[in-house]
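Step one of this worksheet: look at the structure below.
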Amino acid sequence: MDTFEFFNNGQFVLPEKEADFAGIAWSKHPTFEGVELKHMITARDTEGQFSYHLVRIAPACRIGSHIHETQLETHEVIKGSGSCVNAGSVISYAPGTISIMQAGAAHEVMAGAEGLYLFAKFMPALC
């Protein structure tokens, strides 16, 4: 099993709560074709402080340029390749890459030929 599948089938563990990620459904991104999200840790879980999302971007698809006015966002690349335009700078995405988008910074993500799999984390929570 690769690293992505470990997280896809992993679990959220707190002293008072456990949740299996395998039971969380994938949802299509409402705007960007070929992008799916698994909302692993939501605002409900953290009292709005942060949220964690697994993201699958199909080969040659993209998350178009957008801005989160109030959230800092991080990307942790787990599998695949691609690139991110973060505040005008192009960053190559490969497993092990971490990128931080400051609140108010325009950013977009493009998947390479094998697709792109990443964690997107938001502070405060996106949803």
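Throughout, read-outs are computed from the coordinates displayed, never taken from laboratory work. Bear in mind that the values here come from a model prediction, so they are computed numbers and not experimental data. Cβ coordinates were reconstructed from backbone atoms using ideal geometry, including for glycine residues, and neighbour counts include every protein chain displayed.
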> Just one of (i) 36, 33, 27; (ii) 42, 35, 26; (iii) 42, 28, 24 is Cα extents along the principal axes in Å as worked out from the coordinates here. Which one is it?
Replying inline: (ii)
> So if we plug the beta-carbon distance of ALA60 and ALA19 into 1/(1 + (r/R0)^6) with R0 = 25 Å, what FRET efficiency do we get, rounded to 0.05?
Replying inline: 0.15
